[in-house]
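Asks: For reference, the structure I am asking about is given below.
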Amino acid sequence: MVLYLQRQRAMPHHGMTPHIAGTSLSAQARYAAGVREILECWFTKQPIRPEYLTVEGGKLAGTGAQSYKPGDATKGSQEAARN
């Protein structure tokens, strides 16, 4: 598991998709609008709003920098891989 996560961090063009099952249609529309904005920024080389960022340039950024500290995102994954 740890190796998998390390590989994910090394992938410069890797994206994640939200899990939206059970959300309202209005929430799904907001998610879709956000994803569209992120993709439009990416393809036009415009900066992505900080609240949409978790990692940038291999380091925590935006919301990710406020929500996590380096090294704690995979805490416990080594132990889980042994079981």
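The values are calculated or read from the model by the stated rules, or taken from the named source; none is laboratory data. What you see is a predicted model; the values in this text were computed from it and never measured. Please note: Cβ atoms are built from the backbone with ideal geometry, for glycine as well, and neighbour counts cover all protein chains shown.
Asks: Taking the stretch 17-30 as the region of interest, how many residues are aliphatic (A, V, I, L, M) and either part of a helix (DSSP H, G or I) or in contact with a strand residue (DSSP E or B) (Cβ under 6 Å, 6 or more places away or on another chain) (or both)?
Replies: 3
Asks: So the check is Cβ under 8 Å with 6+ separation or different chains; which pairs have a first residue in the stretch 41-53 that's over 19 Å from Tyr68 (Cα atoms) and a second one that's loosely packed, with under 13 Cβ neighbours inside 10 Å and modelled with pLDDT of 90 or more?
Replies: As it stands, the answer is Cys41/Pro47; Gln46/Glu40, since those pairs meet every condition given.
Asks: Could you grab me the full set of residues in the stretch 28-47 that are exposed (fewer than 10 other Cβ atoms within 10 Å of the Cβ) and of a type in the set (Phe, Trp, Tyr)?
Replies: Passing the criteria: only Phe43.
Asks: Determine whether the stretch 31-44 contains at least one residue that is at pLDDT below 80 and assigned to a loop (DSSP other than H, G, I, E, B).
Replies: No, because not a single residue in the stretch 31-44 is at pLDDT below 80 and assigned to a loop (DSSP other than H, G, I, E, B).
Asks: Does any residue of the stretch 19-27 turn out to be of a type in the set (A, V, I, L, M), modelled with pLDDT under 75 and loosely packed, with under 12 Cβ neighbours inside 10 Å?
Replies: The answer is no, given that none of the residues of the stretch 19-27 is of a type in the set (A, V, I, L, M), modelled with pLDDT under 75 and loosely packed, with under 12 Cβ neighbours inside 10 Å.
Asks: Let me ask another. Could you list, ordered by first residue, the pairs with Cβ atoms under 6 Å in which the first is in the stretch 19-38 and among the polar types (S, T, N, Q) and the second is not in a helix (DSSP H, G or I), at least 6 apart or interchain?
Replies: Correct list of pairs: Gln28/Ile20.
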